[in-house]
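Worksheet: one structure, shown below.
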């Protein structure tokens, strides 16, 4: 998640929207608070929303499905996908996630809103 904040800071984004998982909201907020200050973007807003409210949050699941199917499906999403590294320690020490996702693979996929310039 820190990498998302760093990317958002580099683009001067105004807001980061994360899919809400009630069991992780408190720890996410603590991590985001620290990460925004370390990245030099303390004004970056971040909100947790349910996928039913923020429909763009369904896109990562669709992309992950294509990636898992491999072959032509993976080729089709290639321009919209990018990989990120997870430390071996995080992979081996993390609890298995819900929905059958492997341990250490938890990711938030942002909807980033560019800052508007005020005139």
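Just so it is clear, none of the values below were taken in a lab; they were calculated from the coordinates. Just so it is clear, the model here is predicted, and its values are computed rather than measured. Cβ sites come from the backbone with ideal geometry, for glycine too, and all protein chains shown count toward neighbours.
For each of 78, 48, count neighbouring Cβ atoms within 10 Å of the residue's Cβ, then give the residues from fewest to most.
Numbers: 78 11, 48 18.
Least to most surrounded, the residues fall as 78, 48.
Give, as ranges by residue number, the residues of segment 56-70 whose backbone N falls under 19 Å from the point 7 Å along Cα→Cβ of residue 24.
56-68
Sorting 2, 36, 23 on the 10 Å Cβ count, fewest up front, what's the list? Let's see the in-between values first.
Numbers: 2 13, 36 21, 23 7.
Sorted ascending by nearby Cβ count, the order is 23, 2, 36.
Would you order 34, 49 from fewest to most other beta-carbon atoms within 10 Å of each residue's own beta-carbon?
Ascending Cβ contact count within 10 Å gives the list 34, 49.
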